[in-house]
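Asks: Please find one structure pasted underneath; my questions will follow.
The values are calculated or read from the model by the stated rules, or taken from the named source; none is laboratory data. Note that this is a predicted model, so its numbers are computed, not measured. Ideal geometry is used to build each Cβ from the backbone, glycine not excepted, and the neighbour counts take in all protein chains shown.
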């Protein structure tokens, strides 16, 4: 039992987690970079649009985080929007969608 407690404590120190979504702080930074750079490559570095549509909160008005997460995960067939499911978990895609609705990444 002590070994299990030690293992759990050592893992939590190695990768701090946000209690709400279970995404490690280091992974959150990677996701922020993905939003800024990879998404920005098509949607514009200022998210005002480009090859893909704008990703500003006013452009996403009426869309839910669940809807956006589904697009992030599964892409849009017939468009340049690829599916990111092979590289992201549903929780990560939802976290990214919430950032977009809030106006991030900074």
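Asks: Among the residues of the stretch 86-106, how many are surrounded by 14 or more Cβ atoms within 10 Å (Cβ to Cβ), more than 18 Å from residue 22 (Cβ to Cβ) and modelled with pLDDT of 95 or more?
Replies: Residues that pass the stated criteria total 2.
Asks: Let me ask you something else. Taking only pairs six or more apart or across chains, which ones have beta-carbon atoms under 6 Å, a first residue in the stretch 67-95 that is on the phi < 0 side of the Ramachandran plot and outside any helix (DSSP H, G or I), and a second residue that is at pLDDT 95 or above and surrounded by fewer than 18 Cβ atoms within 10 Å (Cβ to Cβ)?
Replies: From residues that are on the phi < 0 side of the Ramachandran plot and outside any helix (DSSP H, G or I), the pairs are 81/75; 82/75; 83/74; 83/75.
Asks: Among the residues of the stretch 4-17, is any assigned to a helix (DSSP H, G or I), modelled with pLDDT of 90 or more and surrounded by fewer than 16 Cβ atoms within 10 Å (Cβ to Cβ)?
Replies: No: the stretch 4-17 contains no residue that is assigned to a helix (DSSP H, G or I), modelled with pLDDT of 90 or more and surrounded by fewer than 16 Cβ atoms within 10 Å (Cβ to Cβ).
Asks: On to the next question. Give the number of residues within the stretch 72-85 that are in contact with a helix residue (DSSP H, G or I) (Cβ under 8 Å, 6 or more places away or on another chain) and either closer than 17 Å to residue 43 by Cα or buried (at least 17 other Cβ atoms within 10 Å of the Cβ) (or both).
Replies: Final tally of qualifying residues: 6.
Asks: Same structure again: Could you identify the single residue in 54, 41 that is surrounded by 14 or more Cβ atoms within 10 Å (Cβ to Cβ), free of Cβ contacts under 8 Å to residues at least 12 places away in the same chain and more than 23 Å from residue 21 (Cα to Cα)?
Replies: One residue alone meets the criteria, 54.
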